[in-house]
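Colleague: If you scroll down you'll find the structure; I have some questions about it.
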Amino acid sequence: MDGGSPRIDMSGDGVEAPPGDPVSLPWDRFSGWLHCICVVGFDLELGQTVEALYPPHARLTDKEKTSICYLSFPDSNSGCLGDTQFCFRFRQASGRKTSLHCVLDQADRDSPVYLKKDPACFYGYVYFRQVRDKTLKRGYFQKSLVLISKLPYVTFFHAVLKQIAPEYFERSDPCLEAACSDIDRWPEPLPGKTLNLPIMGVVIKVRIPTRLDKPGTTQMLELTQPSDAHISVTLPTVHEVDIFRCFCPVFIHIQLLWELVLLGEPLVVMAPSPSQSSETVLALVGCIAPLKYCSDYRPYFTIHDTEFKEYTTRTQAPPSVIFGVTNPFFAKTLQHWPHIIRIGDVKLAGDVPKQVKVKKLKNLKTLDSKPGVYSSYKTYLNRDEEIIKQLQKGVQQKRPSEAQNAILRRHFLELTQSFIIPLERYVASLMPLLKSISAWKSPPQLKPFCQEEFMKTLEKAGPQLTSHLKGDWIGLYRHFLRSPNFDGWFRIRRKEMTRKLEALHLEALCKEDLPIWVEKHTEVEAVDLVLKLKNKLVQAEREHLPVKAETLEKLQEHVDTIIEKFPEDLQGILLKTNTP
């Protein structure tokens, strides 16, 4: 191929690479896991800058680079010395095309709803190093290694950075080229598979959850096989943070926090470091799993963010968003926000910070200095004293952090499931009866969601069947039905049920003796049937409808049999039309 041929776009942003390079590029499977790796350094004149980008053909707009630069360094007030790890999330530049990478589509399709890619956002995973260096004008060496990905696998990517970053800070660029080559050899990130991923001389063993996993179960990876002797790091999860450690300073308020997140209320986490900020935001977003948090969230947010004005304006009510900040300036800027969590410095293991009552937002001085929860929100449900006592006892007995985390995570899961099961049960009743599905009619429509009808079901089949918590469940449901989380959840469920109806319609068609039907109808009607069937088959493949492969094969056989009955010229036309 001549040197002037265009280069394949591997970045998924729709920007064609410049001519001059051959089509064959290094690291062409890299994008299954990462969009790119950035090195962000500090320049006395320019401030934070992207010093290097891997792979070189990765595409970032100027706006995206600016976001990465500002979000990759701790705020100047944080004073983070040594090594710091945290993550951020930022908007993808408008106009960037969504990647059509088919394997990633499959990975996304099989992922739990809360681990699916957000087409509008990137995640940034940061390893920042700041150490004293008298040879530099500023007196400090400051640099960040950043992994940019569409995948929300925070625990996994932080583990990867722990292998790459220290080596990079010692040996510089050749180390990153070796890491990219390692990542390029990884199998695709398919849910349900146990993956052994070599990186910088070690092997990380992980399993990505699937949508079929039972909520609350972690598929532990045991090192029992002799063949596993080469495994260096085994991760029990790719995405979960230690929620007890994050909520430890405010754990008597976990009921309040769960409700605020469930209802999509505007929430700010003020923390002394980006690590605490980002982990706490991720813990909040994850506390309603397996329900997906459908509003925006920013694990680390700065005054330089392009959405700063949008989110801090006082001309309208604060938007539904959770973000974490470290700059004290936000205490003044966000005083009008209804819910603020102030996290102090993390104490030593076994030492729980003094738990304080929820405070109302009164004055800046109080907010500026003391940790706690600042809100005038009154919970719909009573506080679960049992879980509070269990966690307090665990601290006194020095119960391992992993056990405390598991107890709290199970509590949140049971609470969310008790809340969502009545909704799931009611929505399932909106499906048309199976007998209403006819091969010769379009699939029937779902019945509309009726709030009052749903409320009536709560008397006999409400959360009281699975939860011991008392309180105003009806009020909580009414508030939830007005929230972005309900809107997002219902859109997902409605899409799933519509796909199921399409699949059932295909099965109904498959059961009919279509070639016999054709013999009793006109050629025009037969052609119309063939075209409809071919469209159905294309739709089934394009939308990955939940239909058996045998059903599709039998329908294709019906189509082929019917086409054979037409004149040759018409056969030729039909064979070229809408071929799946």
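Colleague: Residue by residue through the stretch 26-81, note down the ones that are at pLDDT below 90 and aliphatic (A, V, I, L, M).
Modeller: Leu44, Leu46, Ala58, Leu81
Colleague: Considering only residues that are under 40 Å from the mean Cα position of the chain (by Cα) and among the β-branched types (Val, Ile, Thr), look in the stretch 538-580 and name the one that is surrounded by the most Cβ atoms within 10 Å (Cβ to Cβ).
Modeller: Checking each candidate, the answer is Val547.
Colleague: Among (1) at pLDDT below 90; (2) assigned to a helix (DSSP H, G or I); (3) open to solvent by 20 Å² or more (accessible area, probe 1.4 Å), where does Tyr311 come up short?
Modeller: It fails just one condition, (3).
Colleague: Considering only strands (runs of 3 or more DSSP E) fully contained in the stretch 121-206, which possess at least 1 residues that are in contact with a helix residue (DSSP H, G or I) (Cβ under 6 Å, 6 or more places away or on another chain) and hydroxyl-bearing (Ser, Thr, Tyr)?
Modeller: Qualifying strands (runs of 3 or more DSSP E): 121-132.
Colleague: Give the stretch 383-403 a look and list any residue that's open to solvent by 40 Å² or more (accessible area, probe 1.4 Å) and either in contact with a strand residue (DSSP E or B) (Cβ under 7 Å, 6 or more places away or on another chain) or not polar (S, T, N, Q) (or both), or say none.
Modeller: Scanning the stretch 383-403 gives Arg383, Glu385, Glu386, Lys389, Lys393, Lys398, Arg399, Pro400, Glu402.
Colleague: If Phe486 satisfies every condition in (1) of a type in the set (A, V, I, L, M, F, W, C); (2) modelled with pLDDT of 95 or more; (3) touching an Asp or Glu at 6+ places or on another chain (Cβ under 9 Å) but one, which is the exception?
Modeller: Phe486 satisfies all of (1) of a type in the set (A, V, I, L, M, F, W, C); (2) modelled with pLDDT of 95 or more; (3) touching an Asp or Glu at 6+ places or on another chain (Cβ under 9 Å) except (3).
Colleague: Does at least one position in the stretch 93-109 carry a residue that is farther than 26 Å from Gln163 by Cβ and at pLDDT 90 or above?
Modeller: Scanning the stretch 93-109, I find no residue that is farther than 26 Å from Gln163 by Cβ and at pLDDT 90 or above, so the answer is no.
Colleague: Continuing with the same structure: State the number of residues belonging to the stretch 33-51 that are assigned to a strand (DSSP E or B) and open to solvent by 20 Å² or more (accessible area, probe 1.4 Å).
Modeller: Total satisfying the criteria: 6.
Colleague: Okay, next question. Could you list, ordered by first residue, the pairs with Cβ atoms under 7 Å in which the first is in the stretch 422-448 and within 18 Å of Lys536 (Cβ to Cβ) and the second is open to solvent by 60 Å² or more (accessible area, probe 1.4 Å), at least 6 apart or interchain?
Modeller: Once the first residue is within 18 Å of Lys536 (Cβ to Cβ) and sits in the stretch 422-448, its partners that are open to solvent by 60 Å² or more (accessible area, probe 1.4 Å) give Ala439/Glu512.
Colleague: Let me ask something additional. Do we find that Glu523 is in contact (Cβ under 8 Å) with a residue 24 or more places away in the chain and acidic (Asp, Glu) in this structure?
Modeller: Yes: the conditions hold for Glu523.
Colleague: For the stretch 539-566, give me the residue count where each residue is within 17 Å of Leu501 (Cβ to Cβ), assigned to a helix (DSSP H, G or I), touching a residue at least 24 places away in the same chain (Cβ under 8 Å) and not polar (S, T, N, Q).
Modeller: Selection size over the stretch 539-566: 3.
Colleague: Restricting to the stretch 132-163, name every residue that is among the hydroxyl-bearing types (Ser, Thr, Tyr), within 19 Å of Thr49 (Cα to Cα) and open to solvent by 20 Å² or more (accessible area, probe 1.4 Å).
Modeller: Residue satisfying the conditions is Tyr140 alone.
Colleague: Can you find, within the stretch 433-478, the residue that is most open to solvent (accessible area, probe 1.4 Å) among those that are in a loop (DSSP other than H, G, I, E, B), among the polar types (S, T, N, Q) and over 22 Å from Phe419 (Cβ atoms)?
Modeller: Looking at the filtered set, the residue picked out is Gln445.
Colleague: Which one is surrounded by the fewest Cβ atoms within 10 Å (Cβ to Cβ) among residues in the stretch 320-336 that are farther than 15 Å from Ile303 by Cβ and under 28 Å from the mean Cα position of the chain (by Cα)?
Modeller: In this case the residue turns out to be Ser320.
Colleague: Determine whether Leu348 is in a loop (DSSP other than H, G, I, E, B), in contact with a Leu (Cβ under 8 Å, 6 or more places away or on another chain) and at pLDDT below 85.
Modeller: So Leu348 does not fit the description; no.
Colleague: Quick one: is Glu512 buried (at least 16 other Cβ atoms within 10 Å of the Cβ) and out of contact with any Ser or Thr (no Cβ under 6 Å at 6 or more places or on another chain)?
Modeller: No, not satisfied.
Colleague: Also, I was wondering about something else. For Lys536, indicate whether it is of a type in the set (Lys, Arg) and without any contact (Cβ under 8 Å) to a residue 40 or more places away in the chain.
Modeller: yes
Colleague: Having 1 or more residues that are within 21 Å of Trp473 (Cβ to Cβ), under 18 Å from the mean Cα position of the chain (by Cα) and at pLDDT 90 or above is the bar; report the helices (runs of 4 or more DSSP H) wholly within the stretch 227-296 that clear it.
Modeller: 254-262
The values are calculated or read from the model by the stated rules, or taken from the named source; none is laboratory data. Only a predicted model underlies this, so the values are computations on that prediction, with no experimental measurement involved. Here the Cβ is made from the backbone with ideal geometry for all residues, glycine too, and neighbour counts use every protein chain on show. The accessibility values were calculated without ligands, DNA or RNA, using every heavy atom of the protein model including side chains. Shrake-Rupley method; radii C 1.70, N 1.55, O 1.52, S 1.80 Å.
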